[in-house]
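The structure follows.
The numbers here are math on the coordinates, done by the rules we state, and not lab data. Worth saying up front: this structure is predicted, and the values here are computed from it rather than measured. Cβ sites come from the backbone with ideal geometry, for glycine too, and all protein chains shown count toward neighbours.
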Amino acid sequence: MRPAGRASARQRVSHANGAGHGAPASERAGGSGGAKPPGRIKIAPSLLSADFARLGDAVRLAERAGADMIHFDVMDGHFVPNITMGPPVLKSLTRVSRLPIDVHLMIESPDRYVGAFVEAGAASVTVHFEAVVHLHRVVQFVKSLGVKAGVALNPATPVAALEQIAGDVDYVLVMTVNPGFGGQTFIPRSESKVRAVRDLLRREGSAAPIEVDGGIDVRTAPGIVAAGADILVAGHAVFGSADPERAIRDLRAAAGSAVA
Ligand code: DX5
Ligand code: ZN
């Protein structure tokens with residue numbers, strides 16, 4: 001891959017300016033499925049389903065279609081069965097991307113690699129609750145490097161896992177499939193889980209956005225947005241489509257239909 005420059009400061013504020021982050025709780029979707037103001041939902045196409053030989057083109061396409069950020073899935077063959085991309089690929093993409101790149105670490109001992117991904121240009125870094133022993137320390141470390149810190153929960157991990165960290169995270173990622181592969185089927189129970197996460201965050205006084213990842217498409221987006229999701233990751237629904245730009249716009253429209 002080509003050498004590349006670091007992400008700009010502008011790229012590093014994605015979640016800070018993200019859907020609902022910092023907004024009054026009254027403006028945000030409620031745990032009971034309350035209305036969310038239109039236009040606040042962020043779309044994060046996942047490169048996992050793109051052609052790995054043309055990742056730069058995939059990023060430019062996402063920009064043209066109005067995506068809000070690029071979702072970059074890192075897998076190590078241990079925490080999940082699959083292996084994907086590392087810091088050198090991220091570094092090359094930051095040279096062609098004007099969008100912030102959201103790094104989802106599906107790896108064991110993510111604390112060992114956070115620095116390398118931030119150095120390569122990550123705007124935000126998500127670590128899995130299930131992969132970390134000293135979660136509070138890792139979250140603080142990510143934030144100390146000047147990027148946003150997110151915590152991801154696998155489908156079987158209870159919402160209560162967030163209780164002691166909710167006040168520290170910049171966003172929460174609720175996995176709506178089991179991590180490891182693109183193109184899997186959305187787990188319907190995720191809607192009630194997102195409502196429960198929203199309720200927990202509210203109780204903790206946090207307006208952190210909720211990101212959802214896995215099986216998100218025009219059919220599943222309205223329900224999960226109504227439940228309180230702010231950021232929609234979509235891989236197969238975008239890059240598995242014959243017309244990915246249109247797929248991004250369709251996904252935004254579907255998300256908007258939940259708030260109309
Ligand atoms: C799955 C990854 C996802 C994946 C989602 O483990 O974390 O980001 O790309 O893909 P789709 O949208 O195809 O389910
Ligand atoms: Zn992901």
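Cut-off is 10 Å between beta-carbons; in what order do Ile210, Ile83 appear when sorted fewest neighbours first?
Ordered by Cβ neighbours within 10 Å, fewest first: Ile83, Ile210.
Calculate, for Arg203 and Thr157, the FRET efficiency according to 1/(1 + (r/R0)^6) with r their C-beta to C-beta distance and R0 22 Å; round to the nearest 0.05.
According to the calculation, E is roughly 0.75.
On full extension of the chain, what length is gained from Arg189 through Lys143, given 0.36 nm per residue of separation minus the C-alpha to C-alpha distance?
13.5 nm
Name the residues whose placed amide hydrogens come within less than 5 Å of the amide hydrogen of Leu173, ignoring near sequence neighbours (fewer than 5 apart) on the same chain.
It is Val151, Ala152, Leu153, Glu211, by chain and number.
Please tell me the relative contact order of the range 91-245 in percent, rounded to the nearest whole number, where contacts are Cα pairs under 8 Å and at least six residues apart.
Relative contact order of the range 91-245: 16 percent.
Something else about it: How do 121-128, 89-96, 107-114 rank on mean C-beta neighbours within 10 Å, highest first?
Ranking the peptides 121-128, 89-96, 107-114 by packing returns 121-128, 89-96, 107-114.
For labels at Glu119 and Phe52 in the simple 7 Å Cα→Cβ model, what's the distance in nm?
It works out to 2.3 nm between the two label points.
While we're looking at this one, here's another question. Let me know the charge dipole size of the range 148-258 about its Cα centre in debye, to the nearest 20, where only the beta-carbon of Lys, Arg (+1) and Asp, Glu (-1) is charged.
Charge dipole, the range 148-258, about its Cα centre: 240 debye, nearest 20.
Something else now. Mind ordering 130-142, 214-226 by average Cβ neighbours within 10 Å, highest first?
The peptides rank, most packed first, as 214-226, 130-142.
Quick one: which residues, 5 or more positions from Lys42 or on another chain, have an amide H under 5 Å from its amide H? H modelled 1.01 Å from N in the peptide plane, none for Pro or chain starts.
Correct list: Ala19, Ile231, Leu232.
Report, in whole Å, the centroid distance computed from the Cα atoms of the range 145-206 and the range 36-96.
Between the Cα centre of the range 145-206 and that of the range 36-96, the gap is 19 Å.
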